[in-house]
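Notes for the one structure printed next.
The values are calculated or read from the model by the stated rules, or taken from the named source; none is laboratory data. It should be emphasised that the depicted structure is a prediction, and the values quoted were computed from it without experimental measurement. Because the Cβ atoms are built from the backbone with ideal geometry, glycine has one as well, and the counts that use them run over all protein chains shown.
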């Protein structure tokens with residue numbers, strides 16, 4: 001039964017996370033977010049190319065879908081099992097189920113099946129997942145993000161630094177070894193998804209927030 005619960009949670013969480021919020025919000029305004037600005041479907045590009053209200057909407061919803069997949073969905077599965085007198089066999093079943101839900105949502109956002117598996121960078125969705133899994137660590141890296149963004153005005157720099165700090169923050173705030181390992185994997189994925197930003201930072205072509213991004217050629 002444990003395996004069935006994990007699979008069900010993974011599939012539903014992936015589909016929830018794969019909802020391409022940025023694409024849908026921009027499309028409602030008559031904009032194909034993939035063809036403007038950086039071409040990314042995340043909140044930052046929506047902020048820049050569609051507007052503040054649209055960007056906030058995407059940011060909030062992307063965070064909520066991560067939280068829902070990591071916190072609410074696994075709890076519903078557990079309640080269903082309890083109501084049907086089905087007991088899990090693994091001692092860390094609940095923690096693992098929440099991790100499965102969170103990681104699946106992030107993968108759904110980053111590699112959405114609705115847009116040929118090309119999604120966002122997963123920062124907002126990851127924040128929602130972290131709010132459910134390691135809230136104190138989230139506060140630490142959110143503080144780092146705010147400080148670096150205020151100093152540099154680079155969303156990418158703040159996001160990359162916060163991602164690198166994540167597993168250390170999880171460790172220092174008393175998270176389990178499993179959660180430290182999971183947050184480490186999340187950090188690696190987040191940095192990998194920012195590889196284009198890293199290259200632009202090295203080239204001096206990365207755009208600061210509040211300025212129009214420089215046009216970059218994108219593959220068709």
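Just one of the numbered conditions (1) in contact with a helix residue (DSSP H, G or I) (Cβ under 7 Å, 6 or more places away or on another chain); (2) surrounded by 21 or more Cβ atoms within 10 Å (Cβ to Cβ) is not true of residue 112: (1).
Quick check: anything in the range 91-103 assigned by TED's automatic domain parsing to the domain that holds residue 40, under 19 Å from residue 193 (Cβ atoms) and part of a helix (DSSP H, G or I)? Yes, some residue in the range 91-103 is assigned by TED's automatic domain parsing to the domain that holds residue 40, under 19 Å from residue 193 (Cβ atoms) and part of a helix (DSSP H, G or I). The listed residues are 158, 137, and the only one of them that is surrounded by 20 or more Cβ atoms within 10 Å (Cβ to Cβ), under 17 Å from the mean Cα position of the chain (by Cα), modelled with pLDDT of 95 or more and under 29 Å from residue 7 (Cα atoms) turns out to be 137.
Put simply, of 29, 38 the only residue that is over 23 Å from residue 90 (Cα atoms), surrounded by fewer than 16 Cβ atoms within 10 Å (Cβ to Cβ) and touching a residue at least 24 places away in the same chain (Cβ under 8 Å) is 29. When residue 132 is tested against (1) more than 25 Å from residue 201 (Cα to Cα); (2) in a helix (DSSP H, G or I); (3) over 14 Å from the mean Cα position of the chain (by Cα), just one condition goes unmet, and that condition is (3). Taking the conditions exactly as written (outside any helix (DSSP H, G or I) and closer than 30 Å to residue 95 by Cα), does residue 9 satisfy them or not? Spelling it out, it is not the case that residue 9 is outside any helix (DSSP H, G or I) and closer than 30 Å to residue 95 by Cα. If the condition is being buried (at least 19 other Cβ atoms within 10 Å of the Cβ) and not in a loop (DSSP other than H, G, I, E, B), then the range 13-26 contributes 13, 14, 16, 17, 21, 22, 23, 25, 26.
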